[in-house]
Amino acid sequence: QVQLVESGGGLVQAGGSLRLSCAASGSISGAYFMGWYRQAPGKQRESVASISRGGSIYYGDFVKGRFTISKDNGKNTMYLQMNSLKPEDTCVYYCKMRLSFGDVERWGQGTQVTVSS
(Lines give C-alpha, C1' and ligand atoms only; values in the text may rest on other atoms or scores of the structure.)
Protein backbone atom coordinates (compact mmCIF):
# COMPACT_ATOMS: atom_id res chain seq x y z
CA GLN A 1 0.00 0.00 0.00
CA VAL A 2 1.41 3.35 -1.05
CA GLN A 3 1.94 5.78 1.80
CA LEU A 4 2.59 9.53 1.63
CA VAL A 5 4.85 11.55 3.91
CA GLU A 6 4.94 15.35 3.83
CA SER A 7 7.90 17.43 4.94
CA GLY A 8 9.27 20.94 4.58
CA GLY A 9 6.86 22.85 6.75
CA GLY A 10 7.98 25.29 9.40
CA LEU A 11 7.93 28.87 10.59
CA VAL A 12 8.68 31.63 8.11
CA GLN A 13 8.23 35.38 8.03
CA ALA A 14 5.73 37.00 5.72
CA GLY A 15 7.19 37.33 2.25
CA GLY A 16 9.37 34.28 2.72
CA SER A 17 9.39 30.94 0.93
CA LEU A 18 9.07 27.26 1.73
CA ARG A 19 9.16 24.12 -0.36
CA LEU A 20 6.97 21.27 0.75
CA SER A 21 7.68 17.70 -0.29
CA CYS A 22 5.37 14.71 -0.46
CA ALA A 23 7.31 11.48 -0.68
CA ALA A 24 5.45 8.35 -1.78
CA SER A 25 6.47 4.83 -0.81
CA GLY A 26 5.71 3.63 -4.33
CA SER A 27 5.73 4.82 -7.90
CA ILE A 28 3.83 8.00 -8.73
CA SER A 29 4.62 8.07 -12.44
CA GLY A 30 1.18 6.87 -13.44
CA ALA A 31 -0.79 8.50 -10.66
CA TYR A 32 -4.25 9.58 -11.77
CA PHE A 33 -4.26 12.58 -9.41
CA MET A 34 -1.90 14.25 -6.98
CA GLY A 35 -2.61 17.39 -5.05
CA TRP A 36 -1.94 19.65 -2.11
CA TYR A 37 -4.62 20.72 0.33
CA ARG A 38 -4.57 22.86 3.44
CA GLN A 39 -6.64 23.29 6.55
CA ALA A 40 -6.69 26.01 9.16
CA PRO A 41 -8.14 25.43 12.64
CA GLY A 42 -11.92 25.52 12.54
CA LYS A 43 -12.05 25.70 8.76
CA GLN A 44 -12.71 23.22 6.00
CA ARG A 45 -9.87 21.65 4.10
CA GLU A 46 -9.32 23.42 0.78
CA SER A 47 -7.52 22.57 -2.42
CA VAL A 48 -4.26 24.42 -3.02
CA ALA A 49 -2.93 22.85 -6.20
CA SER A 50 -3.20 19.62 -8.11
CA ILE A 51 -1.74 17.82 -11.10
CA SER A 52 -3.42 15.11 -13.13
CA ARG A 53 -2.04 12.15 -15.04
CA GLY A 54 -2.44 14.11 -18.26
CA GLY A 55 -0.43 17.00 -16.86
CA SER A 56 -3.28 19.40 -16.19
CA ILE A 57 -2.50 21.70 -13.31
CA TYR A 58 -4.97 23.49 -11.07
CA TYR A 59 -4.37 26.22 -8.51
CA GLY A 60 -6.72 27.68 -5.96
CA ASP A 61 -7.68 31.28 -6.60
CA PHE A 62 -5.85 32.44 -3.49
CA VAL A 63 -2.51 31.17 -4.88
CA LYS A 64 -2.36 33.94 -7.49
CA GLY A 65 0.97 32.92 -8.96
CA ARG A 66 2.75 32.50 -5.64
CA PHE A 67 2.87 28.68 -5.52
CA THR A 68 4.14 26.09 -7.99
CA ILE A 69 3.28 22.40 -7.95
CA SER A 70 5.62 19.87 -9.51
CA LYS A 71 6.60 16.24 -9.23
CA ASP A 72 9.69 14.15 -9.80
CA ASN A 73 8.66 10.67 -10.90
CA GLY A 74 12.20 9.38 -10.45
CA LYS A 75 12.12 10.33 -6.79
CA ASN A 76 8.44 9.47 -6.29
CA THR A 77 8.01 12.93 -4.80
CA MET A 78 5.63 15.82 -5.35
CA TYR A 79 6.56 19.37 -4.39
CA LEU A 80 4.88 22.65 -3.59
CA GLN A 81 7.09 25.69 -3.90
CA MET A 82 5.50 28.52 -1.94
CA ASN A 83 6.75 32.08 -2.38
CA SER A 84 5.53 35.43 -1.05
CA LEU A 85 3.93 33.71 1.90
CA LYS A 86 1.27 35.55 3.87
CA PRO A 87 0.05 35.07 7.45
CA GLU A 88 -3.23 33.74 6.04
CA ASP A 89 -1.27 30.87 4.47
CA THR A 90 -0.76 29.48 7.98
CA CYS A 91 -2.30 26.00 7.85
CA VAL A 92 -1.55 22.33 7.99
CA TYR A 93 -0.72 21.25 4.45
CA TYR A 94 -1.61 17.75 3.24
CA CYS A 95 -0.86 15.85 0.07
CA LYS A 96 -3.33 13.51 -1.57
CA MET A 97 -2.98 10.93 -4.29
CA ARG A 98 -5.19 8.62 -6.29
CA LEU A 99 -3.34 5.98 -8.27
CA SER A 100 -6.23 5.38 -10.64
CA PHE A 101 -9.75 6.66 -11.26
CA GLY A 102 -11.28 4.08 -8.94
CA ASP A 103 -8.55 4.17 -6.32
CA VAL A 104 -9.13 5.30 -2.76
CA GLU A 105 -7.88 8.72 -1.70
CA ARG A 106 -4.49 8.44 -0.04
CA TRP A 107 -3.50 11.20 2.37
CA GLY A 108 -0.33 12.12 4.14
CA GLN A 109 -0.20 13.08 7.80
CA GLY A 110 0.25 16.78 7.11
CA THR A 111 2.96 19.35 7.73
CA GLN A 112 2.45 22.63 9.61
CA VAL A 113 3.23 25.92 7.89
CA THR A 114 3.24 29.03 10.05
CA VAL A 115 3.76 32.48 8.55
CA SER A 116 4.48 35.29 10.98
CA SER A 117 3.64 38.90 10.25
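The values are calculated or read from the model by the stated rules, or taken from the named source; none is laboratory data. No experiment lies behind these values; they were computed from the predicted model shown. FYI the Cβ positions are ideal-geometry reconstructions off the backbone, even for glycines, and counts take in every protein chain you see. Quick note on the areas: whole protein, heavy atoms, side chains included, nothing else; ligands and nucleic acids left out. Shrake-Rupley method; radii C 1.70, N 1.55, O 1.52, S 1.80 Å.
Restricting attention to the stretch 12-32, the residues that are assigned to a strand (DSSP E or B), of a type outside the set (Val, Ile, Thr) and open to solvent by less than 60 Å² (accessible area, probe 1.4 Å) add up to 6. Number of residues in the stretch 38-83 that are hydroxyl-bearing (Ser, Thr, Tyr) and either touching a Ser or Thr at 6+ places or on another chain (Cβ under 6 Å) or under 13 Å from Cys95 (Cβ atoms) (or both): the value is 6.
Being at pLDDT below 95, of a type in the set (A, V, I, L, M) and on the phi < 0 side of the Ramachandran plot: is that true of Ala49 here? Answer is no for this residue. Among the residues of the stretch 58-106, those that are assigned to a strand (DSSP E or B), in contact (Cβ under 8 Å) with a residue 24 or more places away in the chain, buried (at least 17 other Cβ atoms within 10 Å of the Cβ) and not hydrophobic (A, V, I, L, M, F, W, C) comprise Lys71, Thr77, Tyr79, Tyr93, Tyr94, Lys96, Arg98, Arg106.
Within the option set Gly35, Gly9, being more than 14 Å from Cys91 (Cα to Cα) and either out of contact with any strand residue (DSSP E or B) (no Cβ under 9 Å at 6 or more places or on another chain) or open to solvent by less than 70 Å² (accessible area, probe 1.4 Å) (or both) holds for one residue only, Gly35.
Determine whether Ser84 is farther than 29 Å from Gly102 by Cα and either at pLDDT 95 or above or hydroxyl-bearing (Ser, Thr, Tyr) (or both).
On the way: farther than 29 Å from Gly102 by Cα: yes; either at pLDDT 95 or above or hydroxyl-bearing (Ser, Thr, Tyr) (or both): yes.
Against the criterion (farther than 29 Å from Gly102 by Cα and either at pLDDT 95 or above or hydroxyl-bearing (Ser, Thr, Tyr) (or both)), Ser84 qualifies.
Looking only at the stretch 62-104, how many residues end up being acidic (Asp, Glu) and over 14 Å from the mean Cα position of the chain (by Cα)?
Count: 2.
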